[in-house]
Amino acid sequence: MLRILVQEQDFSLGEEVARLHRGKPQVGAVVAFVGLVRDLSDQAAVSGMFLEHYPGMTEKSLAGIAREAQTRWAILGGVIIHRIGALKPEDQIVLVAVSSGHRGDAFAACSFIMDYLKTQAPFWKRESTSQGPRWVEARAADEEAAGRWQEAPQSPGGTTGPLRHSGS
């Protein structure tokens, strides 16, 4: 149900979002997150980033995250695209997009997938900075964001925590 791609080439946000709802009248919401390369990280200018991954294991990890989201929320479709290789500031790194009948499920599932992708998927980022190359370390804020999904109870409708809704 969720497409998973790990690739060097860029992606088109518009094409990916259209693919999630075109010809699918049951879709009432599409939520998308696009992550970009910044030009500043920890007070150092960033001129580029190189992303590596563990082929096979990365896709398996992303599929597990997607399956978990599908068990928690009423997802009709989705896509996870993560780029690898050499990137520069303003380049797109990642797309997580989810379609659902209602916005609450789409927002929650998209946020969940991104939070877990940041903490569980085997990607390694090396930044080229004004202070030399360095590996990007995991951030406590990312761990905290993922942790909220373990603590939040699920509602009977499938929506977690404060994103409960009625209608779209």
Checked the stretch 61-102 for anything of a type outside the set (A, V, I, L, M, F, W, C), in contact with a Ser or Thr (Cβ under 8 Å, 6 or more places away or on another chain) and not in a strand (DSSP E or B); matches are R72, K88, P89, G101, H102
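Matching residues to (1) on the phi > 0 side of the Ramachandran plot; (2) in contact with a Gly (Cβ under 9 Å, 6 or more places away or on another chain); (3) surrounded by 15 or more Cβ atoms within 10 Å (Cβ to Cβ):
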site: F11; (1), (2), (3): no, no, yes
site: H21; (1), (2), (3): no, yes, yes
site: A32; (1), (2), (3): no, no, yes
site: Q43; (1), (2), (3): yes, no, no
site: G56; (1), (2), (3): yes, no, no
site: A63; (1), (2), (3): no, no, no
site: R67; (1), (2), (3): no, no, no
site: A74; (1), (2), (3): no, yes, yes
Those residues of the stretch 1-60 that are closer than 16 Å to I113 by Cα and assigned to a loop (DSSP other than H, G, I, E, B) come to a total of 1
Taking the stretch 103-126 and the residues there that are surrounded by fewer than 16 Cβ atoms within 10 Å (Cβ to Cβ) and in a strand (DSSP E or B), the one that is farthest from the chain's Cα centre (by Cα) would be R126
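Only the coordinates and a few stated rules stand behind these numbers; no lab work does. Remember, predicted model here, so these are calculated numbers, not experimental data. Counting neighbours? That spans all protein chains shown, and the Cβs are built from the backbone with ideal geometry, glycine included.
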